[in-house]
Each structure stands twice: as C-alpha cells, then as structure tokens.
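*Asks:* Please read through the structure below; I'll follow up with questions.
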Amino acid sequence: MVDVERIMEDTSSGRNTPGWSLRRLHSLDEAQIDELAGVLIDCVEGGASVGFMLPLTRDRAVAFWRRVARGVAAGERALLVAEDADGICGTVQLVLDQPENQPHRADLAKMQVRRRVRRQGLGAALLHAAEATARECGKTLLVLDAVTDGDAARLYERQGWVRVGPIPGYALMPEGGLCSTTVYYRNLQ
Ligand SMILES: CC(C)(COP(=O)(O)OP(=O)(O)OC[C@H]1O[C@@H](n2cnc3c(N)ncnc32)[C@H](O)[C@@H]1OP(=O)(O)O)[C@@H](O)C(=O)NCCC(=O)NCCS
C-alpha cells in the first residue's frame with residue numbers, strides 16, 4: 001500500500017522545495033473554504049480555465065467550495081491542499097464517485113496553485129500526492145482534461161500521463177473565447 005502521508009512529507013521537505021506541506025482534508029471549515037476561494041480567484045484572474053468566467057466573485061467561489069466540501073464529507077471526493085506560512089497555496093481533487101461499472105476509475109480535477117508559489121515544483125508534488133491518494137482509495141485509472149498545450153498539460157505529460165487527444169472548442173477561457181481541451185489518462189497499475 002502506498003503511504004500518502006509519507007509521500008506528502010517527502011515532497012514537501014525535498015531539497016528543492018520551499019516551505020509548503022501537503023495534506024488530505026476530510027472536512028472543510030469556513031476558514032479553509034475562504035482560503036480555497038482565494039486560491040480559485042487568484043487562478044481564474046490569472047487566466048486559468050478551471051470552470052469559471054471573469055469576473056469571479058468571492059460569493060461564487062465560496063459557493064463552489066461549499067459544494068466541494070459536501071462531496072468531501074460524503075466521501076465522493078478526495079481533496080488535497082498545500083499550505084505555507086500564508087495559508088492554503090495549492091489544491092487538487094479526485095472525483096472518486098463514479099458509475100458502478102467504473103469503480104477502479106477517478107477523475108483528477110481542479111488542480112490549482114497560487115501564482116506566487118508557481119514554478120517551484122508544487123504542481124508536480126500535488127500531482128504525485130493525488131496519484132498516491134488514488135492508489136490508497138483503490139483507484140487504478142485516472143482521467144483528466146486540460147487546456148491544450150497549456151502549463152498544466154506540460155505538467156501532466158512530464159509526469160507520464162498519456163495524451164488521448166484534443167477536443168477543439170471545448171470550453172471558454174475566463175475572459176471569453178473558445179479553447180481546445182486535451183484529455184489525458186494515467187494507468188496506476
Ligand atoms: C498548472 C499549475 C498547477 C502548475 O503549478 P506549478 O506549481 O507551477 O507546477 P510546477 O512548479 O511543478 O511546474 C511548473 C514549471 O516550473 C518548473 N519548475 C519546477 N520546479 C522548479 C524550480 N525549482 N525552479 C525552476 N523551475 C521549476 C517546471 O519544470 C515547469 O516548467 P514548464 O512550465 O516550463 O514545463 C499552475 O500553473 C496553475 O495552477 N495554473 C492555473 C490553474 C490550472 O490551469 N490548473 C490546471 C487545470 S487542468
């Protein structure tokens with residue numbers, strides 16, 4: 001069995017990583033929802049296509065995380081967060097609740113790293129920890145989609161995810177304008 005907590009310690013204390021730590025949250029309090037809303041707003045204002053259009057109000061961001069909190073409490077989602085001295089600075093989710101003919105599968109979703117801590121290896125650490133969490137949850141196949149040729153797509157390809165292919169015009173960017181999305185999978189067996 002993969003030791004998720006150990007991987008999180010390893011990834012947050014490695015030689016090249018700054019002072020953040022990773023953990024899985026099994027419930028969310030109001031302060032955490034507020035911090036996560038801040039992460040989401042920061043990413044969308046930075047141009048990330050993660051399901052929201054600009055302007056993203058705090059009320060909409062908080063409402064989103066309240067829905068996630070309910071899914072986490074119900075065991076339908078696994079939620080990982082990265083924290084540093086200034087609070088939650090990154091997050092990623094696994095959608096564990098799948099149709100009964102796909103019990104071995106999860107979707108990886110809503111990978112977000114605050115702009116102030118990017119390009120220091122946190123995205124890679126979150127992805128590594130999410131894969132370990134998926135294994136612990138009995139998942140052997142992960143699926144995700146990402147803006148074609150974007151920062152996230154490079155991250156997934158670097159970490160061994162298999163590119164299925166692009167879907168042109170899949171989603172709108174936060175300021176408008178359609179973008180292509182590429183589907184990836186990772187076999188954990
Ligand atoms: C995609 C995202 C999660 C990546 O997070 P990140 O923490 O910057 O990721 P990493 O630091 O692991 O890797 C990013 C880059 O930094 C580089 N890097 C990593 N550690 C580094 C270090 N110590 N020094 C210099 N560069 C480093 C990586 O090689 C990578 O380079 P590349 O973009 O040229 O391929 C982040 O950009 C983000 O949150 N984007 C907005 C939300 C989003 O689009 N989410 C994806 C939804 S599918």
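The values are calculated or read from the model by the stated rules, or taken from the named source; none is laboratory data. These numbers were taken from a predicted model, which means no experiment stands behind them. Counting neighbours? That spans all protein chains shown, and the Cβs are built from the backbone with ideal geometry, glycine included. Ligands, DNA and RNA are excluded from the accessible area calculation, which covers all protein heavy atoms including side chains. Shrake-Rupley method; radii C 1.70, N 1.55, O 1.52, S 1.80 Å.
*Asks:* Please work out the Cα center distance from the stretch 28-78 to the stretch 88-152, rounded to the nearest Å.
*Replies:* That distance is 15 Å.
*Asks:* Let me ask another. Would you work out the relative contact order for the stretch 28-105, in percent, from Cα pairs under 8 angstrom that are 6 or more residues apart?
*Replies:* 25 percent
*Asks:* Around Gly90, which amide H atoms from residues at least 5 apart in sequence, or from another chain, sit under 5 Å from its own amide H, with H modelled in the peptide plane?
*Replies:* Under 5 Å from the amide H of Gly90 lie the amide H atoms of Ala82, Arg114, each far enough along the sequence or on another chain.
*Asks:* Just by accessible area at a 1.4 angstrom probe, what is the order of Val117, Val183 from largest to smallest?
*Replies:* Val183, Val117
*Asks:* Between Arg119 and Asp86, how many nm apart are label points set 7 Å from Cα along the C-beta direction?
*Replies:* 1.6 nm
*Asks:* Given a cut-off of under 8 Å on Cα pairs at least six residues apart, what relative contact order in percent is computed for the stretch 119-189?
*Replies:* Once normalised by length, the contact order is 37 percent.
*Asks:* Spin-label point model (7 Å from Cα, Cβ direction): what's the Thr57 to Ala31 distance in nm?
*Replies:* In this crude label model, Thr57 to Ala31 measures out at 2.7 nm.
*Asks:* In the stretch 123-189, which GluC sites (Glu not before Pro) fall in coil by DSSP and have 13 or fewer other Cβ atoms within 10 Å?
*Replies:* Glu175
*Asks:* Check Met53: other-chain or 5+ apart residues with amide H under 5 Å from its amide H, H built from backbone geometry?
*Replies:* For Met53, no residues qualify.
*Asks:* Per the Debye formula with a single identical scatterer at each Cα and no solvent contribution, what log10 I(q)/I(0) holds for the chain at q = 0.11, 0.14 Å⁻¹?
*Replies:* Per q value, in the given order, log10 I(q)/I(0) is -0.46, -0.78.
*Asks:* In square angstrom, what is the accessible area per residue of the chain with a 1.4 angstrom probe?
*Replies:* 51 Å²
*Asks:* Need the full-extension length gain, Leu141 to Ser21, defined as separation in residues times 0.36 nm minus the C-alpha distance. One decimal, nm.
*Replies:* 40.6 nm
*Asks:* Divide by every residue of the chain the summed helix terms, -39500 (n - 2.57) for each DSSP H run of at least 4, and state the resulting mean residue ellipticity at 222 nm, rounded to the nearest 500 deg cm²/dmol.
*Replies:* It lands at -10500 deg cm²/dmol.
*Asks:* Hey, what did the stretch 41-183 get for relative contact order, percent, Cα under 8 Å, at least 6 apart?
*Replies:* Result for the stretch 41-183 is 22 percent.
*Asks:* Kindly write out, for the stretch 125-138 in residue order, the coupling ³J(HN,Hα) from the Karplus curve 6.51 cos²θ - 1.76 cosθ + 1.60 (θ = phi - 60°), rounded to whole Hz, with x marking Gly and Pro.
*Replies:* Listing the rounded values in order: 5, 5, 5, 4, 5, 5, 5, 5, 5, 4, 4, 4, 8, x Hz.
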